[in-house]
Amino acid sequence: MRPGTSFRYSVSCPGRTSTRSRTAGRTTSAPAADRPCALLVEALARTGQVGVCKVSVRSRERIALLRPRHGILILQTLLWQDELRDPGDLAPCTPVTDRELERAEVLMRELPSVEVDQLRDEYRHALEQLVAAKGSRGQLAAPPEPGPAVALMAALQESVRAARAHQGG
């Protein structure tokens with residue numbers, strides 16, 4: 001850990017894993033720092049706990065979690081209590097029925113798993129193409145027209161039907 005990071009305490013967090021994190025490069029090469037860091041990583045991994053610490057990011061103190069993952073510590077910044085905003089009326093006001101929930105659960109079970117390696121950042125790809133086109137002084141393509149709105153329940157029902165037909169049931 002860097003000198004500006006103070007490890008406070010650990011919090012039990014069973015079953016929680018981070019699926020998307022950014023890690024910073026290691027800032028010290030002192031062999032004396034390897035043992036305490038390895039000990040902290042292994043202790044957090046064995047106990048299923050996470051560490052809570054403070055870090056300085058862009059000259060501002062942040063609260064963060066230290067999570068063990070693949071033998072290293074992942075630092076995940078959090079918001080302070082006063083930075084959380086009341087969501088107001090952003091929650092959907094339409095109640096869902098038990099039947100709709102059952103259909104959604106069936107769909108979730110029958111959908112194929114996602115191969116994360118096959119996903120790509122479409123926004124970044126489009127931005128790189130835009131920069132390349134501007135750099136070569138080429139003609140920029142017009143943005144695509146948005147597609148028609150989709151009836152969510154009809155799409156859900158059709159997807160479940162197609163998944164069942166594909167599985168032979």
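The values are calculated or read from the model by the stated rules, or taken from the named source; none is laboratory data. Fair warning: this is a prediction, and the values are worked out from it, not measured in the lab. With ideal geometry, Cβ positions are generated from the backbone for all residues, glycine too; neighbour counts draw on all protein chains shown. Heads up: the accessible areas ignore ligands, DNA and RNA and are worked out on the full protein's heavy atoms, side chains in. Shrake-Rupley method; radii C 1.70, N 1.55, O 1.52, S 1.80 Å.
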Some residue of segment 44-53 being more than 21 Å from the chain's Cα centre (by Cα) and either at pLDDT below 90 or charged (D, E, K, R) (or both): yes
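Out of all the residues in segment 80-93, which are open to solvent by less than 100 Å² (accessible area, probe 1.4 Å) and either at pLDDT 85 or above or in contact with a Pro (Cβ under 8 Å, 6 or more places away or on another chain) (or both)?
Selection gives Trp80, Glu83, Leu84.
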